[in-house]
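The values are calculated or read from the model by the stated rules, or taken from the named source; none is laboratory data. Here the structure is a predicted model, which means the values were calculated and not measured. Cβ placement follows ideal geometry from the backbone for every residue including glycine, while neighbour counts extend to all protein chains displayed.
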Amino acid sequence: MNTLKTFALLLLSSLFSLTALSQNEQNDFLPKAGDVGVSIVVDGLINNISLSTNTNTYGQNILFAKYYLADDLALRAGFGVNLNRVVRESADSSGALLIEVDSLRRSFSMNLSVGIEKHLKPNNRLDPYVFGQLDISLIGKSKNEIENREISTIGTNSTNREIIRDGGFALGLNFGGGFNYFLAKNFSVGSELYLGVQYVSVGGGISDNSTNTTAGGTTTSTFDTRDDISKTTTIRVDPTAQINFSYFF
């Protein structure tokens, strides 16, 4: 009888030890309050896998991170800046003329995302959560500069044209859910799906200024302005669940 009691006590002690070990293992894998995490997106198929940054609802790249306010509550934030400068030079002959065209296009945008995510009861290494997120994109003015030169034996006719278009903004509000599966301590693979509403307003005034200079030195100028604005509202469910790797520290 004493032997059975001893065996039962040992069995119960082992079960409690295993439970505590499992809980400690779970806590060791998952992030805690004060931890910061970064993530990258995995694109492509098995033979053509690539890594990329996260994007907001407007399709702009952002550097994305999370900060755990509590063990089950995390702040999500992303920031991105896009500067585009495209230069094109071309030359072609047409009879006795040599035609050269140089163009320069510049544009700018800045993106900010901020949100909150609530983590549900984790199951061992699986960590499900729900989230809400606001995306803001500021779209700067775009500027095109075009210089056209017609070169002949009598001199050069040149036309300089400058086109400036107003920018705009984009607002996105997303609600969704996702999960992290921890492959090792603080290292996870996960995915998200969301329902999003987006409003985009782009454009406004467009100015078009041209200056023509003949081979003889005569200069004429034209200046035109017009309005062109587009406003779009979109409601959608993200059709593809992005896969991402995250590391917390």
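The residue list I139, I154 contains one member that is of a type in the set (V, I, T) and either under 30 Å from D71 (Cβ atoms) or surrounded by 16 or more Cβ atoms within 10 Å (Cβ to Cβ) (or both), which is I139. Can you spot a residue in the stretch 89-112 that is surrounded by 15 or more Cβ atoms within 10 Å (Cβ to Cβ), closer than 30 Å to L30 by Cα, at pLDDT 90 or above and within 21 Å of the chain's Cα centre (by Cα)? Yes, because at least one residue in the stretch 89-112 is surrounded by 15 or more Cβ atoms within 10 Å (Cβ to Cβ), closer than 30 Å to L30 by Cα, at pLDDT 90 or above and within 21 Å of the chain's Cα centre (by Cα). For the stretch 46-64, indicate whether the set of residues that are of a type outside the set (S, T, Y), at pLDDT 90 or above and within 13 Å of the chain's Cα centre (by Cα) is non-empty. Looking through the stretch 46-64, none of the residues is of a type outside the set (S, T, Y), at pLDDT 90 or above and within 13 Å of the chain's Cα centre (by Cα).
Taken over the stretch 75-97, residues that are over 20 Å from G172 (Cα atoms), part of a strand (DSSP E or B) and aliphatic (A, V, I, L, M) amount to 5. Which residues, counting only those in the stretch 19-45, are modelled with pLDDT of 75 or more, over 24 Å from N82 (Cα atoms) and of a type outside the set (D, E, K, R)? Scanning the stretch 19-45 gives F29, L30, P31, A33, G34, V36.
Note on the stretch 143-238: enclosed strands (runs of 3 or more DSSP E) holding 1 or more residues that are charged (D, E, K, R) are 155-165, 187-213, 219-237. Applying a threshold of 8 Å to beta carbon distances and a minimum spacing of six or more residues, or different chains, the list of pairs starting in the stretch 86-105 at a residue that is over 19 Å from N144 (Cβ atoms) and ending at one that is among the small types (G, A, S) reads A96/S152; L97/S152; L98/A91; L98/S152.
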